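Have a look at the structure below before the remarks.
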Amino acid sequence: MTTSAQLSPAMETIACLARQPILTEDEKVVGYELLFRETADDNRFASDGETATGKAIDTLNVLGIDVVCDGGLAFVNCARRMLLGDYVTMLPPHQIVVEIQDNVPADEEALEACRRLKKEDYTIALDNFVPFDPREALIRFADIIKIDIRKVHFEQSAKLIERYGSSQCRLTALKVQSREEFVEARHAGFVLFQGYFFRRPERMRARQIPGNQSTYLRLLQTISRKDLNFPEIENLIKHEASLCYRLLRYLNSPLLGLSCPVTSVRHALNLLGERELVRWLRMATTLIMGQNKCSDLVLSSLVRARFCELIAPKLEPCKTDLFLMGMLSLMDAILEVPMGVVVDGIALDPEIKAELLQTKAGEETHLSALYVLMLAREAGDWEKVAAQGKRLNLSLPFVNRAYNEAMAWARQFTAPSALGTP
């Protein structure tokens, strides 16, 4: 497993990819809509729907659907030419959803293409469906219908759900950006939900972090100090049986290939060494704290952390731990507490704390551009990615390569065997 903050040249030519989660009523991720642009040049992203779909197929074949979608479904946008040409059949039917765009006419050619896909057991979705939609003839093939709640208000949506919704055809609410919208969409009858509403705790919720979670935060605080206190780290690990067990399992995994037996927790710490110990503890604590949360939050936290770490060498010399900034950026959602509770008592660089708390309205820190770049790249806001990349003097191919590398790395680390997970 690669641990140094270096980029793999093999990732450079892979298309720009972002993903948006699609969740059930209980906030479990079933898949991701994939947002693609062709490989970026230094100034802009430029591709039409056909090119984007082609790049999507190629990228999924190179990186692997499991890496890109964390074991969930890949929702791939499909324009007319790609639909009629059966290009999506290059991907396995039980891992993708063919998402027919709203500008595809429901003519006989499109109907026949859908018949072929259904015969091969592909799942079909109709994107951006509206009242009196001209694609109504395609409804018979649809397993999923997606409705933009910004365009179709909930009263109209409820009528569409009543007419088309069934156990065979699930209605999905698009652009759900807040907890309130999620609740309203659920009441309207939607069963799937697309957006980032679950990445922040509910408003007015302010509670204490549970005792064991507090221990993990204390551990993060301890390893973020300049000089590590091994006896203190050892004591904290010993008080958390789950963490201790994972450490011993990890040291005995094929990833390390150690031949000598581990005789104690202190021995385990010495075997790992300072650098790898800090890295492993960061990963393990994040994964354990997120055990009861949707996997997207935990995986995205690690992707953000690795992305920031890979970008850091290209920035002005800075002693700030950018890996830690990325990892903590979703900890409020993982723990379901306000960010202020998360960072309270942790020895953080003041600029990192300012970015995480977002309290300096109208002001920027040395890290603001990177933080905005991180969020924009994750969301597929390509114009903002280009603008922030230019501001940081980072080429778009480099930014894209760093993000692809971070995704592959985080997925590898969250595999069950990587941390000795039972």
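Overview of values
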{"quantity": "Environment charge at Ile139 (Cβ cut-off 10 Å; Lys +1, Arg +1, Asp -1, Glu -1)", "calculated": "+1"}
{"quantity": "Highest to lowest packing among 399-409, 117-127, scored as the average C-beta count within 10 Å", "calculated": "399-409, 117-127"}
{"quantity": "Val298, Val183 arranged by Cβ crowding within 10 Å, fewest neighbours leading", "calculated": "Val183, Val298"}
{"quantity": "Glu25 versus Phe132: modelled label distance in nm, points set 7 Å from Cα along the beta carbon direction", "calculated": "3.2"}
{"quantity": "Overall form of segment 9-199 per C-alpha gyration tensor (a/c, 1.5; a/b vs b/c)", "calculated": "oblate"}
{"quantity": "Across Lys238/Lys314; Lys175/Lys390; Lys119/Lys384; Lys28/Lys151, pairs whose alpha-carbon gap is larger than 31 Å", "calculated": "Lys238/Lys314; Lys119/Lys384"}
{"quantity": "Amide H contacts of Glu33 (H built 1.01 Å from N, under 5 Å, at least 5 apart or other chain)", "calculated": "Gln20, Ile22, Phe75"}
{"quantity": "Residue-span extension gain [Arg140 to Asp121] - 0.36 nm each, minus C-alpha spacing", "calculated": "5.4 nm"}
{"quantity": "Residue exposure sequence - Lys175, Lys159 - by fewest surrounding Cβ within 10 Å", "calculated": "Lys159, Lys175"}
{"quantity": "Which of Lys238, Lys146 has the fewest Cβ neighbours within 10 Å, and the rest in rising order", "calculated": "Lys238, Lys146"}
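Any read-out appearing in this document is the output of simple, stated calculations on the displayed coordinates, not a laboratory observation. This one's a predicted model, so the numbers in the text were calculated from it and none came from an experiment. A quick note on method: Cβ atoms are made from the backbone with ideal geometry, for glycine too, and the neighbour counts reach across all protein chains shown.
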